[in-house]
Amino acid sequence: MTTGIIFALSALGGYLLGSIPFGLVLTRLAGLGDIRKIGSGNIGATNVLRTGRKDLALLTVILDASKAGAAALIAQALAPDEPYIFIGYITSVSILAGLIAGVCGVLGHNFPLWLGFKGGKGVASAFGFIVATQPQLGLIALAVWLGVAVITRYSSLSAICAAVSVPFFAFFLTDTTHAVFYSAIALLVLIRHHANINRLLHGRESKISFSKKAA
């Protein structure tokens, strides 16, 4: 099997796994109807939480976060551990296959075939992908998210800052190959949060509330 076919299968498998709309599936199985018809219309955990089912929201986060990471690990395990030159840098077929599958897993969550290419924003899936491929960068992303969230109380800004920080740290802590793929993820997060960015610039973005009264 050629490397081209390996990478193509990794991309396809990652996309199909990532496109499973767990938020929609779980809420329908629970008899809550179509999650796309309430709140923001998003299929992610935040909108699932609007149904009042914290357990389903938590399970959605876990499953969404696992999709792209699982795709990356499966592809990496199945692909041959042979050297490969990627944009002038030496890596391996297995690592590259895993990164391709992981990024396509996030793409699948954002643009699922089964839902007319209208999915979530991919934050949880992106985080799971980063944790699966470079755990230390996942911890850094989590620390950035928490820090920005506590200081600004903007969930969207926290996600954006965390995503953008990952390729920056990747250049110093890992290698160029990982940094390139994480840069693609950061760009995707920025694109998917364009409406949030617009609201942030105009002071209309909603904030996280830590008070029980507001909750």
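The values are calculated or read from the model by the stated rules, or taken from the named source; none is laboratory data. Keep in mind the model is a prediction, meaning the values are calculated, not measured. What goes into the accessible areas is simple: the full protein's heavy atoms, side chains included, and nothing from ligands, DNA or RNA. Shrake-Rupley method; radii C 1.70, N 1.55, O 1.52, S 1.80 Å.
What's the carbon and sulfur percent of the range 54-116's accessible surface, probe 1.4 angstrom, rounded to a whole number?
72 percent
If you wrap a convex hull around the Cα atoms of the range 58-115, how much volume per residue is inside, in Å³?
Taking the convex hull of the Cα positions in the range 58-115, it is 91 Å³ per residue.
Going by amide H atoms built from the backbone, whose H comes under 5 Å of the H on Y84, apart from near neighbours?
Here the answer is T91, S92, V93, since their amide H atoms fall under 5 Å of that of Y84.
Taking θ as phi - 60°, what are the ³J(HN,Hα) couplings along the range 93-100 by the Karplus curve (6.51, -1.76, 1.60), each to the nearest whole Hz, with x for Gly and Pro?
4, 5, 5, 5, 4, x, 5, 4
Rounded to the nearest 10 Å², what accessible area does K67 have for a 1.4 Å probe in the complete protein model?
10 Å²
Using the Karplus curve 6.51 cos²θ - 1.76 cosθ + 1.60 with θ = phi - 60°, what ³J(HN,Hα) values do you get for each residue of the range 23-28, in whole Hz, with x for Gly and Pro?
With coefficients 6.51, -1.76 and 1.60, one gets x, 5, 5, 5, 5, 5 Hz.
Counting only heavy atoms of the protein chains, get the accessible area per residue of the range 122-176 (1.4 Å probe) and round it to a whole Å² value.
For the range 122-176, the per-residue accessible area is 45 Å².
In bins 10 Å wide, starting from 0, what share of all Cα pairs of the chain does each bin hold, as a percent?
All Cα pairs, binned at 10 Å, distribute as 9, 33, 36, 17, 5, 0 percent.
Please work out the C-alpha center-to-center distance from the range 161-213 to the range 1-69 and express it in whole Å.
Rounded to whole Å, the Cα centres lie 20 Å apart.
What is the percent carbon and sulfur in the accessible area of the range 140-215, measuring with a 1.4 Å probe over the protein chains and ignoring ligands?
Carbon and sulfur: 68 percent of the exposed surface of the range 140-215.
Just reorder W114, W145 by solvent-accessible area, largest first, 1.4 Å probe, all chains present.
Of W114, W145, the descending order of accessible area is W114, W145.
Measure of size requested: the Rg and Dmax of the range 24-127, with Cα atoms as the atom set and Å as the unit; please supply both.
For the range 24-127, the Cα radius of gyration and maximum Cα-Cα distance read 16.5, 52 Å.
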